[in-house]
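The values are calculated or read from the model by the stated rules, or taken from the named source; none is laboratory data. A quick note: this is a predicted structure, and the numbers were derived from the prediction, not measured. Every residue, glycine as well, gets a Cβ built from its backbone with ideal geometry; the counts of neighbours run over all protein chains shown.
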Amino acid sequence: MTFLGMPAPGPAAADGPAGRSLDLTLLYRGPLASCDYDCPYCPFAKRRDTPEQLRADRAALERFTGWVADRAGTGDSVSVLFTPWGEGLVRSWYRRAMVGLSRLPHVRRVAIQTNLSCRTDWLAEADLATLALWVTYHPGQVDHDRFLAKCRELDALGARYSIGVVGQPEHLAAARRLRAELSPAVYLWINAAEGYTYTDAEAADWSALDPHFGFSRHAHPSAGRPCRTGESVLSVDGHGTVRRCHFVSEELGNLYDGTYRPRLSARPCPLPVCDCHIGYVHLETLPLYDVFAGGVLERIPHTW
């Protein structure tokens, strides 16, 4: 099979634990690190990728999407969240990947974290029952009216998306304005600013915008606690190296040679705390699979 113009690996058997098929959620992060924004609070690396680095990222992404496409017929189902260090949707190969994956019958969901600086017309080619966007609004990096116009375009297309803001004190007024002008159907989430301690009054201000802000306000104790990562949720890098999540360095094998599959199992978290939504959402000690049922990857609550 070929996918997005790239040869994919040959068909693989359903060789999961005990020979059973798998329902996998994959968080993919390739080498892309360039971004058109320069947020001072962002912990991600900032650099301008060279043409060679961009070609390497494109090849890695196309290898990954080819592998996902080739799971058809194996009995496996796959959900994908792209979590690039940089901005993916300004690159044509990420847009093609989103469209292509959304049209595969064994792909349950494909979502990406994005600042929405890209154009939106490409979404008309996608299966919007499968595709979703996890959008972050960065006041100071984009004009409010321009950003809101992009949201209106998503609404007109019928795209599923959530929007979030980093809970910096100086962002509160912008977040309130955005909430007032967004469609009521769109969930606005707030991420606690890294290293910032909120007073109860400040937390109440943010919770008035995001009723689930409490989950982000404090890091969650995780050592020894059950987590879905490493069993049904996996992190994959541009080389195909599989880890349980982005925050645990231990390698479980490689996606492309299948060495990760015998190592899939329920296992407790080895870290003392988990303070990032893409990590703690999978903790079994938290109710977030119920809170975000049907929208875990795109961060859309079930009852919103």
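A few points about this structure:
- Looking only at region 248-265, residues that are touching a Leu at 6+ places or on another chain (Cβ under 7 Å) and of a type in the set (Val, Ile, Thr) come to 1 in all.
- Some residue of region 273-291 being more than 28 Å from Thr65 (Cβ to Cβ), in contact (Cβ under 8 Å) with a residue 24 or more places away in the chain, charged (D, E, K, R) and surrounded by fewer than 21 Cβ atoms within 10 Å (Cβ to Cβ): yes
- Residue ID - surrounded by the most Cβ atoms within 10 Å (Cβ to Cβ), chosen from residues in region 232-269 that are part of a loop (DSSP other than H, G, I, E, B) and within 16 Å of the chain's Cα centre (by Cα): Arg244
- Residue pairs whose Cβ atoms lie under 7 Å apart, sitting 6 or more positions apart in sequence or on different chains, and linking a residue in region 17-42 that is at pLDDT below 75 to a partner that is part of a strand (DSSP E or B) and buried (at least 19 other Cβ atoms within 10 Å of the Cβ), are Tyr41/Val166.
- Qualifying positions in region 145-167 - closer than 21 Å to Phe213 by Cβ and either exposed (fewer than 15 other Cβ atoms within 10 Å of the Cβ) or polar (S, T, N, Q) (or both): Ser162
- Some residue of region 150-161 being of a type in the set (Lys, Arg), within 20 Å of the chain's Cα centre (by Cα) and more than 20 Å from Gly294 (Cα to Cα): yes
- Residue within region 217-231 that is part of a helix (DSSP H, G or I) and either more than 21 Å from His302 (Cβ to Cβ) or modelled with pLDDT of 95 or more (or both) present: yes
Residue-by-condition table, conditions (1) acidic (Asp, Glu); (2) surrounded by fewer than 17 Cβ atoms within 10 Å (Cβ to Cβ); (3) out of contact with any His (no Cβ under 7 Å at 6 or more places or on another chain):
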{"site": "Arg47", "(1), (2), (3)": "no, yes, yes"}
{"site": "Gln53", "(1), (2), (3)": "no, yes, yes"}
{"site": "Val68", "(1), (2), (3)": "no, no, yes"}
{"site": "Phe82", "(1), (2), (3)": "no, no, yes"}
{"site": "Arg96", "(1), (2), (3)": "no, no, yes"}
{"site": "Asn115", "(1), (2), (3)": "no, no, no"}
{"site": "Arg119", "(1), (2), (3)": "no, yes, yes"}
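- Among residues of region 161-184 that are more than 16 Å from Arg299 (Cα to Cα), those with a beta-carbon under 7 Å from a residue that is hydroxyl-bearing (Ser, Thr, Tyr) at least six positions away or on a different chain give the pairs Gln168/Tyr41; Leu178/Tyr137.
- Residues of region 226-249 satisfying the condition of being among the small types (Gly, Ala, Ser), in contact (Cβ under 8 Å) with a residue 60 or more places away in the chain and in contact with a Ser or Thr (Cβ under 9 Å, 6 or more places away or on another chain): Ser232, Ser235
- Region 131-144, subset of a type outside the set (A, V, I, L, M) and under 14 Å from the mean Cα position of the chain (by Cα), residue surrounded by the fewest Cβ atoms within 10 Å (Cβ to Cβ): Thr136
- Summed over region 280-304, the residues that are farther than 17 Å from Val80 by Cβ and either assigned to a strand (DSSP E or B) or not β-branched (Val, Ile, Thr) (or both) give a count of 12.
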